[in-house]
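The values are calculated or read from the model by the stated rules, or taken from the named source; none is laboratory data. Since this is a predicted model, take the numbers as computed values, not measurements. For neighbour counting, all protein chains shown are included, and Cβ atoms are generated from backbone atoms with ideal geometry for every residue, glycine included.
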């Protein structure tokens, strides 16, 4: 039987490869939107309209995914898989009805939604946001179903199709931005977003049949199993929902600032999420079923060790990632976005926001696995209460910092809130899992901080030298950024060896597992 560590490593490697594809396509999506629309009022209107479908997936879709995994694990452990399929059919049907009703209400309430989120817009931008909101509202049905399908597959240790879904959705948006929007403007982009959401759900259907999912036309909101899923789901939904509310508050405040402020925050946020999305999501998704299984079997020591290893690896990547983004913010934004309608003003606004988002990258990265540690123990309320308690912190920082730093102040407020949330979650989880943050964890943290500081200083000096001596143009800028990244990686690796950090070996194991998996798949063909 394969060990727990190898299961997690292989699953993480698979998800990492697919998420890598999805994230690069996501970056391509933002580049396509920036090329076509720049950081303008049109982009602001689109982002305000898209936040509702995005929030529905983040809240409802991810909550259903999280709730389904432990419920299915319990049925499977008891040998009741056939009953589990019936329960999951009930969940699918109940969610489909609820999501369809919500979409209809969303279309009818589009003027109120647009006014609530973009009340600071000029009249023409507000009207555009209203029409776009109604246009994209049906996508919440498809995104909700995608979340359910992903939960069913993850519960069966199938991670590929759910990770492929976002990549397919990004391709749809990229094509609509570059091709369809040339004729239909931002409405072509909106149509591409809705189509992408549908593809996100459909791409998982073949895998559902492969794992043996048997769909039944049954519907009951009072079934005990459905109520069990809802009982596990609502705290997760509220926890995720608070994060979406944070974004909505930021958008509302930014709508009263300079044109393009929402777009600048969005582009910077997407860049900040690259380190988080490329590895943190992959590792946490892969480890969550294992944590749930260990928690259900009361194997606390093994659960603590598995979660700690994951946290260490995430820390190893998050800190240098944050430092690198902060140091190279201007050349990175220029290289990726400054073309077409995206001008130097948009670059300066996005780079400033990226600087302050980078402050909280460690918190953004660690909050996800810390929260899943509670969820694995079926404690859905603690993360929710912690997040709710930081709402006041977020509002305080928002109102204070937006006065001095405009849109960048909203980015800094988000970062500071994430760090506070991380600290509280870590303290509470340590009480449930003694030894999670032991001496080895803090020794690693100190070593990573020291290595990242050395890396940041040398990269800053090198980038200044390259900027002064390389010619202009995109190729030279790409060379400059590439040399900066290569140098930073080499410096961090050398510092890690000097400080005797062991966790890089775990990363190498993941790379080897991924290579062997791909090689094995190629041979089997």
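Miscellaneous remarks
- Residue match in the range 366-376 (condition: farther than 30 Å from residue 297 by Cα and buried (at least 16 other Cβ atoms within 10 Å of the Cβ)): no
- Candidates 464, 456 - the one that is closer than 20 Å to residue 331 by Cα, crowded, with 16+ Cβ neighbours inside 10 Å and at pLDDT 90 or above: 456
- The criterion of being surrounded by fewer than 23 Cβ atoms within 10 Å (Cβ to Cβ), over 22 Å from residue 33 (Cα atoms) and in contact (Cβ under 8 Å) with a residue 40 or more places away in the chain holds for residue 359.
- Criterion (in a helix (DSSP H, G or I), surrounded by fewer than 23 Cβ atoms within 10 Å (Cβ to Cβ), over 23 Å from the mean Cα position of the chain (by Cα) and free of Cβ contacts under 8 Å to residues at least 40 places away in the same chain) met by exactly one of 424, 392: 392
- Residue match in the range 205-216 (condition: modelled with pLDDT of 80 or more and surrounded by 15 or more Cβ atoms within 10 Å (Cβ to Cβ)): yes
- Residue within the range 271-279 that is modelled with pLDDT of 90 or more and either in a helix (DSSP H, G or I) or crowded, with 19+ Cβ neighbours inside 10 Å (or both) present: no
- Of all residues in the range 429-440, those that are buried (at least 17 other Cβ atoms within 10 Å of the Cβ) and part of a helix (DSSP H, G or I) total 1.
- In the set (1) in contact with a helix residue (DSSP H, G or I) (Cβ under 7 Å, 6 or more places away or on another chain); (2) farther than 27 Å from residue 39 by Cα, the condition left unmet by residue 178 is number (2).
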